[in-house]
1. If amide H atoms are built 1.01 Å from N in the plane of the peptide, which residues on other chains or at least 5 residues away come under 5 Å of the amide H of residue 15?
2. For the peptides 176-183, 93-100, 26-33, what is the packing order when you average, over each peptide's residues, the other Cβ atoms within 10 Å and list the highest mean first?
3. By average Cβ neighbour count within 10 Å, what is the ranking of 142-148, 125-131, 155-161 from highest down?
4. Around residue 179, with a cut-off of 10 angstrom between Cβ atoms, what is the net charge of the other residues, counting Lys and Arg +1 and Asp and Glu -1?
5. Grab the other residues whose beta carbon is less than 9 angstrom from that of residue 189, score K and R as +1, D and E as -1, and report the net.
6. What is the sum of charges around residue 9, taking Lys and Arg as +1, Asp and Glu as -1, for the other residues whose C-beta is under 9 Å from the C-beta of residue 9?
7. What's the exposure ranking of 136, 90, going from fewest to most Cβ atoms within 10 Å?
8. Taking the number of other C-beta atoms within 10 Å as the exposure measure, put 102, 184, 16, 64 in order starting with the fewest.
Amino acid sequence: MDILWQYQFRIILLGDSTVGKSSLLKRFTDGVYSDVADPTVGVDFYARSLEIEPGVKIKLQLWDTAGQERFRSITTSYYRNSVGGLLVFDLTNRKSFEHVRDWHREVSEHVLPHRMVFILIGHKSDLGGDRKVTRDEAERLAAALGVRYMETSAKCNSNVDRAFELLTRDVYELMKAGEIAARDGWDGVKSGFNGKILLPAEEEAERERKCQC
Ligand SMILES: Nc1nc2c(ncn2[C@@H]2O[C@H](COP(=O)(O)OP(=O)(O)O)[C@@H](O)[C@H]2O)c(=O)[nH]1
Ligand SMILES: [Mg+2]
């Protein structure tokens, strides 16, 4: 049963509209894909747990930016309360690739003095014939930004799990090294240990108890 977690990481998806952010999330959390994604229907966040090493389960809270992709329309707290981000572009859409630097700059500025861990995602790799961005130039951008690069397809379920796992692992390693830590008033990383491991139901009760004060 999927009830215990030691840490929760809050991760956001960034990138232009229609690059495939919601499709990536649906594939990763529900295992489904639809060619007729409706941009107006979406949930705020998705969740899935990963066992990052034996006995260490990390709950990922994955936030979608449905309808807010217009540059600078996303609120600062949305960035600030996240520990990781997938910078997504569409391999068949040159403009979406050119905007990656803008997304990266926008977010990095807002989370200062803290840092966000990113992974660059070239998405829709199944549409190889329509490719407008080479792997080489995407890798060069990733190197310039100091992040990993991965090509994914939600349609063919290629590299989707792997991309989320790699990002999670990077955050986890930085946390183990003490470079990222849970802080009061910050939702990026939460620890399930509070002397004991809380079950979700207990957490709920705990929150309700606090609210009555
Ligand atoms: N060929 C292909 N199309 C995709 C893939 N992922 C998403 N799409 C399509 O791209 C369009 C936009 O996807 P969506 O997830 O809504 O993008 P968002 O606006 O970034 O959330 C939809 O028609 C999807 O079906 C993929 O991996 N391959
Ligand atoms: Mg969407």
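Computed from the coordinates by the stated procedures, all read-outs in this text should not be read as laboratory data. Computed from a predicted structure; not experimentally measured. We place every Cβ from the backbone using ideal geometry, glycine too, and count neighbours over all the protein chains shown.
1. The list, which skips near neighbours in sequence, is 88.
2. 93-100, 26-33, 176-183
3. Per-residue mean Cβ counts within 10 Å order the peptides as 155-161, 142-148, 125-131.
4. +1
5. +2
6. Around residue 9, the surrounding residues sum to +3.
7. Neighbour counts put them in this order, fewest first: 136, 90.
8. Ascending Cβ contact count within 10 Å gives the list 184, 102, 64, 16.
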